[in-house]
1. In whole Å, what is the distance between the alpha-carbon centres of segment 30-87 and segment 146-160?
2. For segment 211-222, what does the Karplus curve 6.51 cos²θ - 1.76 cosθ + 1.60, with θ = phi - 60°, yield as ³J(HN,Hα) per residue in whole Hz, taken in order and with x for Gly and Pro?
3. Per-residue ellipticity at 222 nm for the chain, helices alone: DSSP H runs ≥ 4 residues times -39500 (n - 2.57), over residue total, nearest 500 deg cm²/dmol?
4. In whole Å, what is the distance between the alpha-carbon centres of segment 102-132 and segment 210-247?
5. I want the local charge near I157. Using Cβ-Cβ distances under 9 Å, sum +1 for each Lys or Arg and -1 for each Asp or Glu among the other residues.
6. What are the ³J(HN,Hα) values, in whole Hz, obtained from phi via the Karplus relation 6.51 cos²θ - 1.76 cosθ + 1.60 with θ = phi - 60°, for each residue of segment 94-100 in sequence order, with x given for Gly and Pro?
7. First check a/c for segment 365-461, with a ≥ b ≥ c the square roots of the eigenvalues of its C-alpha gyration tensor; if it is under 1.5, answer rounded, and if not, answer prolate when a/b is larger than b/c or oblate otherwise.
8. Please compute the net charge surrounding T398, taking Lys and Arg as +1 and Asp and Glu as -1 over other residues with Cβ under 12 Å from its Cβ.
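None of the figures in this text is laboratory data; all of them are computed from the coordinates on show. Quick caveat: nothing in here was measured; it's all calculated off a predicted structure. We place every Cβ from the backbone using ideal geometry, glycine too, and count neighbours over all the protein chains shown.
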Amino acid sequence: MKVIHVSAECYPVAKAGGLADVVGALPKYQSKEGDTVEVVMPFYNNAYVKKSHFEEVCHNRLLLGDQPYDFEVLKLNGPGNPGFNLYVIKIPGLLDRENIYSYDDDVERFTAFQIAVMDWILNSDRKPDIVHCHDHHTGLIPFIMSYSYKYSSLKNIPTVLTIHNAQYQGWFGFNKIHYIPEFKLSNAGLLDWGGQINPLATAIKCAWKVTTVSPSYMEELKTSANGLEWLLDHESNKETGILNGIDPQVWDPAKDSMLVENYSVKNSVSGKKANKEWLCKEYNLDAEKPLFIFIGRLVWEKGADILPGIFYRALINDDLEVNILALGSGSPEIESKLKSLINPFRGSYHVHIGYNERLSHVMYAGADFLLMPSRVEPCGLNQMYALRYGTIPVVHETGGLKDTVTDIEKGGFGICHKEVSVDKVYHSIQRAAALYKEEKEFKKIQREIMKIDHSWDNSANQYNELYTSLIR
Ligand SMILES: Nc1ncnc2c1ncn2[C@@H]1O[C@H](COP(=O)(O)OP(=O)(O)O[C@H]2O[C@H](CO)[C@@H](O)[C@H](O)[C@H]2O)[C@@H](O)[C@H]1O
């Protein structure tokens with residue numbers, strides 16, 4: 001079987017969040033003997049790409065409307081090889097920029113990327129058995145494969161869409177419909193949702209199967225999906241929730257080269273202490289107090305808007321005695337509120353605004369508790385990384401968090417709250433701080449959570465079974 005994953009992100013080449021982690025790991029665990037699982041993504045002009053070696057596979061010219069663009073398909077070679085064939089599409093002037101998203105011409109960039117992928121597959125000797133698309137940036141592919149005249153020879157290849165985040169749908173106006181390779185106009189309704197071209201909705205309608213990254217999120221989407229509830233409910237017979245895994249080759253405290261000191265279950269106490277002490281020295285925190293961390297995009301879905309309120313309440317209360325360290329970027333208003341707490345709470349609080357992969361690893365290792373007050377969490381990887389690194393998750397019971405974290409009082413290993421509010425999260429922090437004082441019990445939980453298996457094997461098998469059902 002030959003599978004091609006099409007994605008805007010893939011770790012370690014380009015990462016903005018969890019999508020990259022998934023696409024950079026899943027293919028490694030899907031490849032069984034005789035199978036080929038590949039990834040194709042855009043060529044960005046970032047530091048990783050600059051230091052990597054690529055070999056040209058083909059070059060061609062695509063048409064975006066009537067605008068021609070030359071493109072190259074390059075294969076990653078040499079020491080940076082991620083463990084599967086990884087191809088990048090270079091479209092000079094469109095894709096080769098430093099960042100992944102947030103340019104004014106993202107519609108043109110990602111539509112051209114999808115057309116280039118189609119042209120490459122159309123002209124390749126060995127066609128894939130499955131094309132697996134991820135999120136809205138690749139959502140037009142199932143439509144193009146089924147309805148665009150030029151690609152009609154691909155229409156019997158099954159397509160799978162995985163929704164990592166339904167909040168973002170890639171909407172654009174019908175004035176750009178000519179970007180999509182020519183098709184019978186009577187099919188234009190498949191592109192439409194609420195009067196706009198909606199690539200995520202299009203993929204939900206046209207893909208042969210739709211998956212999302214946890215069973216609970218799949219259910220939640222039917223009542224809360226940023227306008228796509230009815231569609232997701234209507235298409236439910238082709239939908240499945242498959243929980244993400246984590247890649248133990250990248251996320252292993254015993255081997256992680258980004259840590260200050262490596263550790264396993266046996267020496268978790270001293271290993272975590274060394275990482276915590278480094279963080280406390282670096283950010284002027286108190287290593288005696290429990291360390292709570294937050295890592296992620298500073299947006300409403302992650303509950304980041306209530307972080308300043310939660311932090312203030314926890315830090316102003318002298319009896320609680322906690323440290324807080326946050327890492328993230330996003331809404332300028334939240335960034336500035338979080339920064340404004342640095343001066344008043346110097347010695348027990350810091351926020352690092354920006355993206356920093358290495359720091360995130362040290363934080364998972366050195367922290368005692370991870371805060372995830374997400375309002376929407378399709379799966380969430382942070383809580384699984386935290387568990388693996390012996391850090392207890394404090395989470396809102398939603399989506400994938402519900403599927404991966406059970407409260408200590410219910411025989412589990414995390415601290416859960418049922419609502420997203422300053423009060424509820426503060427109450428969870430109080431529970432966590434009390435647990436920290438029960439040293440023996442706290443360290444026992446730390447060791448237990450490090451042993452939980454969240455590796456990809458089980459989920460990779462579920463994807464493979466899904467593919468097999470389509471090929472049959
Ligand atoms: N400032 C920063 N510096 C360094 N690292 C940072 C960072 N901000 C975030 N990260 C890292 O980015 C990843 C975030 O992954 P998540 O899965 O938690 O969220 P995301 O919303 O991006 O993903 C979406 O897709 C994934 C994958 O399917 C789903 O798990 C999730 O629920 C869904 O919202 C983690 O590896 C985290 O450490």
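1. 22
2. Result, ordered by residue: 10, 10, 8, 6, x, 5, 5, 4, 5, 4, 4, 6 Hz.
3. Working: 16 runs with 163 residues, N = 472.
Helices in the chain give a 222 nm mean residue ellipticity of -10000 deg cm²/dmol.
4. Here the two parts' Cα centres lie 24 Å apart.
5. Working: positive: K127, K155; negative: D129.
It works out to a net charge of +1.
6. 10, 8, 7, 10, 5, 8, 7
7. Numbers: a/c = 1.98, a/b = 1.13, b/c = 1.75.
Verdict is oblate for segment 365-461.
8. Working: positive: K302, R375, K402, K418; negative: E219, E220, E301, E377, E397, D403, E419.
Counting the neighbours of T398, the net charge comes to -3.
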